């Protein structure tokens, strides 16, 4: 009765603990992202691993779901209940985890450098380097942000090609924002962004466009604000025009307006493409283009990469075994599974040149476009307090871009000042 | 004539507001059986009756498990509050000892403390005890309330001492006096404390959001909040409504049978607390 | 005497243990945290008065207080007004009184999450039921939750809908405590209904009124699920409530020390507000 109660009170963890009775065998816990595709993927990969390595048993658990992964991990670190390996780490949280000694220094493994340079490439790796010049994370997958557009709506408005610059975007927006019943109530829009002041929503509008406008400049570095303020102003101003003229509605939809065909464009990562393919099939005729850039932009379009990284937590009793398992998850074969099961892009410099993946990209031309964008994908800075910095961005974005109560120049000044306060606070 | 007119007006007015209170619930219930494109319509009946929304909810989230968790937590909390609350209430009402006055003052003092004050420290306690992601983390910090003790005390004072003396002469120990004599005589107080405690626990969201991260240990309102906010409903409006129905129905069913007790409990706890 | 002392203490032990662990210790710990920076993971570091200095300059802190005040200014009068009407109405009828009372009380027992999810849809700007009704009668749509000036009033309106039943039954209980002779005497003197209401009903409901004001105030400062689910505190922080702000600082940004300082100050404000209300309402 008591043990029954104990199981009731602590959930399923009790039962799995008891399964490790075979002595001498190493057991690892691996936390994967909790969405169905990635759970499927993790199950496949772990099964393969356990077959190949009878001496190191890996137990996969989906990350406990809450509002955000970060909240879960913060609680787990505080309670010292972190897993050995986790593959769903947002790079913005790594500075804090590392500072609190929660992570194993990956660059202490002798073969880390060779893996990082052959898989990711050292140039790309730089944005994941911690302030103490070590690596605590390795990027696993990326979701570079691009723009999808509804071809039918564009065609109806007489527009042949998707907009590339702000002026083109705004010009097309004039035609694609309208009242379909001609009663003055606008029911079709150029685009849509979740306007709620949730910090991470700003990755998918402000930050991506900032990276594009600034050619990939950092925002903060070594406790200083180093942002390209010209680019910040332009992005704030661009969205301010979008909301001011109702090209983007100031509302929160209870459904996905792009899928329902009432907005013409949306900024998305490759995961949305597979979602549309499986849920909307041929009903939605869409195209993919880079996100808009300021007029006069030259060269490829930088964007936000929405990376997820792998780490080993310092609570592990088996760092070596964890590292071996991580290398397995980062292998070419595992990456092919990542593509095929979860339709997500591994962070590899040879993504489009390796023969292994060629077949997949032939079958998935949409995802190939994202793969081509991948080298220009960026991540948030490796400085602490990213959440608060993005909250500060969210505040100014709301004031300036969504509700137009301050101008872009003032919003930029305020943002720089507020971020400075946050950085100083951390000294 | 004037009298009937005013009566008609009165009933018209009361009925209009009754519709205002009932309609949102009925709309929620009917919306949970409609496909998405019909949900936002004013009418309660749709020609496209569907169970899709419930399928989605049951398929996506461990809702039965959450129901069970909520039940375990609310029942445990209610039980401990009644058992321990009546013990302390009895000690304050019927036993003459030096600490009684001090303790009563202390109880009244803690009742004035807003929960905002201790929210964060309480969370750190739960972390220290290692009972995050554990239903004990929801039960232990709520296992007693000052209000319940005071309410029991107020009620026990009205019980004649002679009854208690008689029980003692029969050889009852104090615990037996409490649970065999005093508590059975105090049904209104037990019902009031029981209903208020159970409802407070059942409907709480903030504390579970803080303490529980594992979805299999989440309480029903927490799981549904996370379901709606976390995007697992994938913007299926009907599914959000279906989840709300599942959260509301257990309480509403009990309420429809015992509404008199519910209302009485709130009135007496409001007036006394 | 000594024996009863032991029994009293023994019976009170559960509460004493409980209070020491979950009331007294957290109380002291909250003071300790005010002077520390702590992300909940590492060990707390002493930072003196930095949290307090930050709080004094924190625009969002003041904003959250103003938001709560706006909420209360709308919620309390509206609630008292409606609850009084409902109570007087219910008190004057016999047939179906229990039914109406039960219906008006229904939102009180239902989880705030349910109410919030349903009202989120009712308030939807594009296709919500409320705006559909407005456009049906030719009125313009209202940006209930998306306009910075309307969002908090909308939440206050919803909270009124949820809680007015409780205050109705409290007033009703109060009304039933007023002796019928008072009204009979006034009727003989030829007093009108309005006069009787203002001269007899309202003054005699004084204590209930105080209770309603205080309960609503505490309720207003506890606002959490509503903005958490409906608006996330926006637009332009117009619905950022004190508890939501504490929650964000503690569990989104990992500033447990600062969140604790906020909690402390909010608690003091609530206590002061309740004290002042008691004073004012009880002398009136």
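Only the coordinates and a few stated rules stand behind these numbers; no lab work does. Quantities reported herein were computed from a predicted structural model and do not represent experimental measurements. Please note: Cβ atoms are built from the backbone with ideal geometry, for glycine as well, and neighbour counts cover all protein chains shown.
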Report summary line: Counting other chain Cβ atoms within 10 Å of each Cβ in C:19-30 and taking the mean gives 6
Query raised in the report: For the modelled label position 7 Å from the Cα of residue C:137 along Cα-to-Cβ, which residues of the range B:9-45 have backbone nitrogen atoms closer than 20 Å?
Result: B:9-25, B:27, B:41-44
Query raised in the report: For the range B:2-53, what Kirkwood radius comes out of the mean inverse Cα-Cα distance, in Å?
Result: 12.8 Å
Query raised in the report: What's log10 of I(q)/I(0) for the range C:152-241 at q = 0.14 Å⁻¹, Debye sum over Cα points only, no solvent?
Result: -0.64
Query - Convex hull (Cα only) mean projected area of chain A, reported in nm² to one decimal - result: 23.6 nm²
Report summary line: Computed over the range B:129-238, the Cα gyration tensor eigenvalues, each multiplied by 5 and square-rooted, give semi-axes in Å (largest first) of 42, 15, 10
Query raised in the report: Fewest to most neighbouring Cβ within 10 Å: what's the order for A:403, C:183?
Result: C:183, A:403
Requested in this report: Report the far tail of the P(r) of the range B:1-149, meaning the percent of Cα-Cα pairs longer than 23 Å.
Outcome: 67 percent
Requested in this report: Taking the Cβ of each residue in B:181, C:164 as the centre, tally the other Cβ atoms inside 10 Å and list the residues starting with the fewest.
Outcome: B:181, C:164
**Report entry** Cα-based Rg / Dmax (Å) for chain B
**Finding:** 23.3, 72
Report summary line: In vacuo Debye sum over C-alpha of the range A:73-148, base-10 log of normalised intensity I(q)/I(0) at q = 0.23, 0.25 Å⁻¹, listed in q order, is -1.17, -1.31
Report summary line: For the range B:114-194 (alpha-carbon point model, no solvent) the Debye-based log₁₀ I(q)/I(0) at q = 0.22, 0.24 Å⁻¹ works out to -0.97, -1.08
**Report entry** Angle between chain A longest axis and helix A:166-176 axis [Cα atoms, degrees, rounded to 10]
**Finding:** 70 degrees
Report summary line: The rounded separation in angstrom of the Cα centers of the range C:23-65 and the range A:203-230 is 31 Å
Requested in this report: Using packing as a proxy for protection, rank B:241-248, A:110-117, A:41-48 so that the peptide with the highest average count of other Cβ atoms within 10 Å comes first.
Outcome: B:241-248, A:41-48, A:110-117
Report task. Please tell me the relative contact order of the range B:2-53 in percent, rounded to the nearest whole number, where contacts are Cα pairs under 8 Å and at least six residues apart. Result -> 28 percent
Requested in this report: Assuming 0.890 mPa s and 25 °C, estimate D for the range A:369-427 with Stokes-Einstein, Rh taken as the Kirkwood radius over Cα pairs, in µm²/s.
Outcome: 188 µm²/s
Query raised in the report: Per residue of C:40-48, what is the mean number of Cβ atoms on other protein chains within 10 angstrom of that residue's Cβ?
Result: 4
Query - Paramagnetic reach from residue B:115 in the range B:124-146 [backbone N under 13 Å; point 7 Å along Cα→Cβ] - result: B:138-139, B:141-146
Query raised in the report: How are the C-alpha pair distances of the range C:57-283 spread across 10 Å bins, as whole percents from the shortest bin up?
Result: 7, 27, 31, 22, 11, 3, 0
Query raised in the report: Rg and Dmax of the range C:76-174, Cα atoms, in Å?
Result: 15.4, 44
**Report entry** Mean Cα-pair separation over length for chain B, i.e. relative contact order, pairs under 8 Å, 6 or more apart, %
**Finding:** 31 percent
Query - Relative counts (whole %) of C-alpha pair distances in the protein assembly as shown, using bins that are 20 Å wide - result: 12, 42, 34, 11, 1, 0
Query - Shielding score for B:83-92, defined as the mean number of other chain Cβ atoms within 10 Å - result: 5
Query raised in the report: Once both axes come from the Cα atoms, what is the angle between helix C:256-283 and the longest principal axis of chain C, in degrees from 0 to 90, rounded to 10?
Result: 30 degrees
Requested in this report: If a/c stays under 1.5 just call it rounded; otherwise compare a/b with b/c (prolate if a/b is bigger, oblate if not). Do that for the range A:187-300, with a ≥ b ≥ c from the square roots of the Cα gyration tensor eigenvalues.
Outcome: prolate
Report task. Give me A:193, B:213, C:278 ranked fewest to most by other Cβ atoms within 10 Å of their Cβ, as a rough exposure proxy. Result -> C:278, A:193, B:213
Query raised in the report: Expressed as a rounded percentage, what relative contact order does the range C:57-283 have, with Cα pairs under 8 Å and six or more residues apart?
Result: 29 percent
Requested in this report: Would you mind classifying the range C:1-160 by shape? Square roots of the alpha carbon gyration tensor eigenvalues, ordered a ≥ b ≥ c; an a/c under 1.5 is rounded, otherwise it is prolate if a/b is larger than b/c and oblate if not.
Outcome: oblate
Query raised in the report: At what distance in angstrom do the alpha carbon centres of the range A:127-184 and the range B:90-116 lie from each other?
Result: 63 Å
**Report entry** Gap separating the Cα centres of the range C:133-210 and the range B:238-252, nearest whole Å
**Finding:** 29 Å
Report summary line: Mean Cβ-within-10 Å packing, highest first, puts peptides C:137-145, C:207-215 in the order C:207-215, C:137-145
**Report entry** Angle between chain A longest axis and helix A:229-244 axis [Cα atoms, degrees, rounded to 10]
**Finding:** 60 degrees
